[in-house]
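The values are calculated or read from the model by the stated rules, or taken from the named source; none is laboratory data. Predicted model only: the values in this text are computed from it and were never measured. A quick note on method: Cβ atoms are made from the backbone with ideal geometry, for glycine too, and the neighbour counts reach across all protein chains shown. Just the protein is used for accessible areas: all its heavy atoms, side chains included, with ligands, DNA and RNA removed. Shrake-Rupley method; radii C 1.70, N 1.55, O 1.52, S 1.80 Å.
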Amino acid sequence: MNNKIKFLPILSFLLLSGIGAKNSFAETKISDKPIELKIHMHYWNRDAFDENRLVPKKAAELTNIYLKGVAPKTGTNTMELFYLMLASGDLPDIVGGNSLRDEFMKYGMEGAFIPLNELIDEHAPNIKKYLNENPSAKNVITAADGKIYYIPYAADGIAGRGYWIRQDWLEKLNLKSPDNVDELYTVLKAFRDNDPNGNGIKDEVPLIFRHWQEMIRLVTLWGGRTAGTDSYLSFYEKNGKIKHGWADPEFKEGMKNITKWYQEKLIDPEVFTRGNKSREILFGNNTGGMTRDWFASTATLNRTLAKQNPGINLQPIAPPIGTDGKRIEENSRTLVKPDGWAITINNRNPIETIKYFDFFFDGAGRNLANFGIEGIHYDLVNGKPIFKEEILNGNKPVNNQLYEVGAQIPIGYHQNYDYEKQWTDELAMKGVDMYINNEYIIPEYLPPALNEEEKKIYDTHWPTISTYMTESVQNWILKGMNVDKEWDGYTKNLEKLGLTKVLIVLQSAHDRVNKK
């Protein structure tokens, strides 16, 4: 069959933990003769696979598999370039990139990408082991027809975000760190009213967020859910039932209090507009008192803002106990990102290709994808990759240094959290360990793939529903509306817009995967 025929609808649409490296070539070589494979990989709307970077060059040296990038290096729209490549019908051997999970599944079932189940079973022991040990990950990457069409970026680590408070302000006002939601309310009022920055002006902003969506996660203090890891507006599972947190009665209670706190100026009045530099601005000018944000980046502020705000002392604290008696942190590092790579129907070396993918899930390949080049970026110390001091203390962040050589990019590989742990501030690790060891982080829900009919229903209703939810919540907060009075009309409108229909198809997909 002419490959182009299969993709005419697309054309029409367009027109309208580290293990010791295996260092010997004999152990990592995949083919006796060199094999060149073409790869279309554009990612993050700014970058394209470049075989001349150090990591792919080293991978070729170790495996005898040479990738040649064919995606435009000047492109700025990753998804558009993906669809243009598909529409051409001239498929390369491999396609990779970020946020392509749904596309890999959809066009895999239509014939663009080959199923990988048997190849994994027979030729990819590292990937097979990972999927067997992480059945939730396997469910997420399995299409509605039961087949796997891509190898994912398998993330590592658990804790991402947590609560941070100005310990120096607590000490100045002779307050203890808040242990529950009522104590938190008391502390925030004290920050607002008692001049902890000592300038004689009531200019303190007790609670700040870089993104307004993170403010909504405060509903967990009143037993609510928002309810995702990477998304503030997603679904969750409870006792086998798929639910949406923004339709729960507990969410109403949470929004009543968030609206109250906002109107009382306990939350940054500019939370919807101030943006990504909120921490630097408000902690830097000594007006911000508390936040909930990434451990790694927030921990650096005591150092980076010290000249601007001498004495600043941000410390991680446990999630305050909510009205349900629980300490909850919704955000965790996702188990599987929607990134990775797939093998196309034009690939004449599928066995060697899956072996190449498998290379990045253990040993020398996993080290290469996570840490860069041994001897340049890291050394093996007792079998463990350890970054060199010049990398840790370089002029650029460690991850940026790795991106530049082709490591830590969204191919299918098994991330090793040790890569980040080595350059994470000691204070950040204090927070990470606190949240992990005390089990504050609730498990994320990883939704399975929808079949064609389910996806059609979801796509028909969900965009309108999510927009309505977002606009409603913003209005409640900004206008100080009575959430109790608004709630019945809100839930009735969700029903009219099709929320129940969406939940039914999500439940169907969940049951199909989990009741085998």
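Overview of values
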{"item": "Distant-in-sequence amide H partners of Trp341 (H built 1.01 Å from N, under 5 Å)", "result": "Ile151, Gly412"}
{"item": "With every protein chain in place, the chain: carbon and sulfur % of accessible area (1.4 Å)", "result": "49"}
{"item": "Cα-Cα P(r), segment 416-455, percent of pairs per 10 Å interval", "result": "22, 31, 22, 16, 9"}
{"item": "All-pairs alpha carbon distance profile, segment 229-335, 5 Å steps from 0, percent", "result": "2, 9, 15, 19, 21, 16, 10, 5, 2, 1, 0"}
{"item": "R0 of 22 Å, Cβ-Cβ distance Asn285-Glu471: FRET efficiency to nearest 0.05", "result": "0.10"}
{"item": "Extension gain (nm, one decimal) between Lys384 and Asn493, 0.36 nm per residue minus Cα-Cα", "result": "33.7 nm"}
{"item": "Computed lengthening from Glu374 to Lys430, 0.36 nm per intervening residue step minus Cα-Cα distance", "result": "17.3 nm"}
{"item": "Sorted peptide list for 399-407, 194-202, criterion being average Cβ within 10 angstrom, highest first", "result": "399-407, 194-202"}
{"item": "Sequence-distant lysines (8 or more away, or on other chains) whose Cα lies within less than 29 Å of Lys176", "result": "Lys189, Lys202, Lys256, Lys260, Lys265, Lys277, Lys307, Lys326, Lys430"}
{"item": "Qualifying lysines (Cα of each under 18 Å from Cα of Lys128; at least 8 residues distant if same chain)", "result": "Lys138, Lys147, Lys337, Lys355"}
{"item": "Calculated on alpha-carbon atoms, Rg and Dmax of segment 61-217 in Å", "result": "25.6, 71"}
{"item": "Dipole magnitude of the chain about its Cα centre (Cβ charges: Lys, Arg +1; Asp, Glu -1), debye to nearest 20", "result": "420"}
{"item": "Per-bin percent of Cα-Cα distances, the chain [20 Å]", "result": "20, 50, 28, 2"}
{"item": "Phi to ³J(HN,Hα) by Karplus 6.51 cos²θ - 1.76 cosθ + 1.60 over segment 293-306, Hz, x for Gly, Pro", "result": "7, 4, 4, 4, 7, 5, 4, 6, 5, 4, 8, 6, 9, 4"}
{"item": "Listed peptides 285-298, 98-111 by packing density, highest first (mean Cβ within 10 Å)", "result": "285-298, 98-111"}
{"item": "Global form of segment 330-394, assessed from the alpha-carbon gyration tensor, a/c cut-off 1.5", "result": "oblate"}
{"item": "Dipole in debye (nearest 20) - segment 279-422, about Cα centre, beta carbon charges: Lys, Arg +1; Asp, Glu -1", "result": "280"}
{"item": "Per residue, in Å², the accessible surface of the chain once ligands and nucleic acids are set aside, probe 1.4 Å", "result": "44"}
{"item": "Mean Cβ neighbour count within 10 Å, used as a protection proxy, ranking 350-362, 62-74 highest first", "result": "350-362, 62-74"}
{"item": "Hz values of 3J(HN,Hα) by residue in segment 354-361 - Karplus curve (6.51, -1.76, 1.60), Gly and Pro given as x", "result": "5, 5, 5, 4, 5, 3, 8, 9"}
{"item": "Calculated [θ] (222 nm, deg cm²/dmol) that DSSP helices of n ≥ 4 give over the chain, each run adding -39,500 (n - 2.57)", "result": "-12500 deg cm²/dmol"}
